[in-house]
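Notes for the one structure printed next.
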Amino acid sequence: MMKVLKENYFISLFVGLSILFILSFIITTINSTEEDYQIKIEHGDSLWSLADKFGQVKHKDAWINEVMAMNNMKTAHIKVGEVLIVPEVKETFHIKNGTELAGTGR
């Protein structure tokens, strides 16, 4: 078996590179599951208030700039009924630092 592989190294190289390509494609697909979604602008919405609601991970200015780029916006003005594409919101978990003892809730 080893003799056949050594004599036909190009087949081994082809199989190895094919496996590497397939694995990199799978990993890339798994890591790029972040999807953008659409929101409909309601009365009282502004990009700043939407950044409070949806842009939890990024600084508000960075989130607003990203939304403006995603929607090809020249200004930050939005209108009621308009549909905007926004980055997906990832769930974040915050650990409470305080300790609470049972039965001491006075």
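Once label points are set 7 Å from the Cα along Cα→Cβ at both Val15 and Asp52, what is their separation, rounded to one decimal in nm?
6.2 nm
Sort the following peptides by mean Cβ neighbour count (other Cβ atoms within 10 Å, averaged over residues), highest first: 65-73, 18-26.
Answer by packing, highest mean first, reads 65-73, 18-26.
Counting only the backbone N, which residues of the range 36-52 are under 14 Å from the spot 7 Å out from the Cα of Asn71 toward its beta-carbon?
37-52
With a 1.4 Å probe and every protein chain left in place, tell me how much accessible area Asp45 has, in Å² to the nearest 10.
50 Å²
The values are calculated or read from the model by the stated rules, or taken from the named source; none is laboratory data. None of these values were measured; they are calculated from a predicted model. Counting neighbours? That spans all protein chains shown, and the Cβs are built from the backbone with ideal geometry, glycine included. Heads up: the accessible areas ignore ligands, DNA and RNA and are worked out on the full protein's heavy atoms, side chains in. Shrake-Rupley method; radii C 1.70, N 1.55, O 1.52, S 1.80 Å.
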